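The values are calculated or read from the model by the stated rules, or taken from the named source; none is laboratory data. Model, not experiment: these values are computed from the prediction. Don't worry about glycine lacking a Cβ; one is built from the backbone with ideal geometry, like all the others, and counts go over all protein chains shown. To get the accessible areas, we keep the full protein, side chains included, count just its heavy atoms, and leave off ligands, DNA and RNA. Shrake-Rupley method; radii C 1.70, N 1.55, O 1.52, S 1.80 Å.
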Amino acid sequence: MVRILLATSTVELEDLVRRAIEGDASAELVLIARSGREAVRMTGELLPDIVAVELCPSGDDSAETVREIMIAAPTPVVMLSHRDGSQLGTISARALEAGALAVIPAPAAHGMPLEQPAIEKFLSTIKAMSQVKVVRQWRQKVRGGRGAKDQTLPAARTPIGIVGIAASTGGPAAIRAILKDISADLPVPILIVQHMSNGFIDGVAASLNATVPLTVKVARNGELLKPGTVYLAPDNCQLGVSGRSRLRVSDDAPVNGFKPSGSYLFGSIARAFKGESLAVVLTGMGDDGTDGLRALRMAGGKAIAQDEKSSVVFGMPKSAIGAGLVDLVLPLESIAENITAIARGRSEPEGETRT
């Protein structure tokens, strides 16, 4: 039985969730929290398996609610949206960075009955996310500005020409943690596939662009690749490159069910950049990225995987590591310095594991 705590001030959303759950004996709506403060308190008292928090543009700060839950009573949290995602992108980005596992659409209703596929997708996502093991977060102390890290690394290897990153559950926070530690003068572009619900990627890009040294934007087909720039895959599009100088954003078919796909991205950069490619596989469910890594490694490219301890969900990195396609397995806090070192043609700092 999956016990769900719903935090919403909207009667409409409460009704949709109740109707979605009522026919499933393996899910239970334990209580409704009407404010962020109530949600934090009830999470600690009721110990639900998962907390579903309404993503709304007014009222309580959704991100602050998530952050307080992760500090006071660490529990898997998903954000529920039943509005136009384009209006909630920045809010969703903050919630994901605070520790929410995903933003998912509420069950859709056209007329009285709910759509059965929407119910099934909603419940399957809730049940999967309820199994994720989350860790307690701690309040951050205010500190002065971060100084540059001095590194002494052995010299000289052929520098890479591009970085591809694939992430899913837990990815937005991991991506921010990496990008904030990479300077704006990075000599290569970074292309990112982040699995998430449609309508939110613009807000994630805007939030990152405002808070990290690099320029972050949603990719456009045919756009020139620029160093020090991060390109996020648009909703429901495949992201790759056209030759060595331009982005390719296409309506190509899903790869193993994913669109955008990390495997598509890695395969594309491998064909164009060959041994000058670097792939990074971050936290996420499933195995997206593994197939693309095979092509990238055959072309002479390098690959990094996030380690289990720092991953919210170890599925994607575990798949890549288990297939023997990874050069370095690193904790999240070490990935940025390795990307920078490899991009500048220096030997990378040592990771936990080399394969």
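Overview of results
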read-out	value
Most mobile of Gly257, Gly301, Gly161 in a GNM of the chain (Cα contacts under 10 Å)	Gly257
Mean separation of Cα contacts under 8 Å (6+ apart) over length of the chain, as relative contact order %	14
Average accessible area per residue (Å²) across the stretch 1-53 - probe 1.4 Å, nucleic acids and ligands excluded	47
P(r) histogram, all alpha-carbon pairs of the stretch 182-278 included - 5 Å bins from 0, percent	3, 14, 25, 25, 20, 10, 2, 0
Fraction of accessible area attributable to carbon and sulfur, the chain (%, probe 1.4 Å)	51
Positive-end residue, the chain charge dipole about Cα centroid, Cβ charges, pick of Val17, Gly161, Val204	Gly161
Pairwise centroid distance, computed over Cα atoms, of the stretch 224-245 with the stretch 171-193, Å	13
Debye log10 I(q)/I(0) for the chain, one point scatterer per Cα, at q = 0.09 Å⁻¹	-0.49
Size of electric dipole in the stretch 230-355: Cβ of Lys, Arg +1 and of Asp, Glu -1, about Cα centre, debye, nearest 20	520
The stretch 261-343: relative contact order in percent, alpha carbon pairs under 8 Å with at least 6 residues between	30
Percent of Cα-Cα distances greater than 12 Å, calculated over the stretch 202-244	60
For Gly286, residues with placed amide H under 5 Å, excluding near neighbours	Gly315, Met316
Total charge dipole magnitude, the chain, about the Cα centre, Cβ charges on Lys, Arg, Asp, Glu only, Debye to nearest 20	1200
For the stretch 262-301, alpha-carbon Rg and Dmax in angstrom	9.4, 28
The chain: calculated mean residue ellipticity at 222 nm from DSSP helix runs of at least 4, using -39500 (n - 2.57)	-10000 deg cm²/dmol
The stretch 275-316, accessible area per residue, ligands and nucleic acids excluded (1.4 Å, Å²)	34
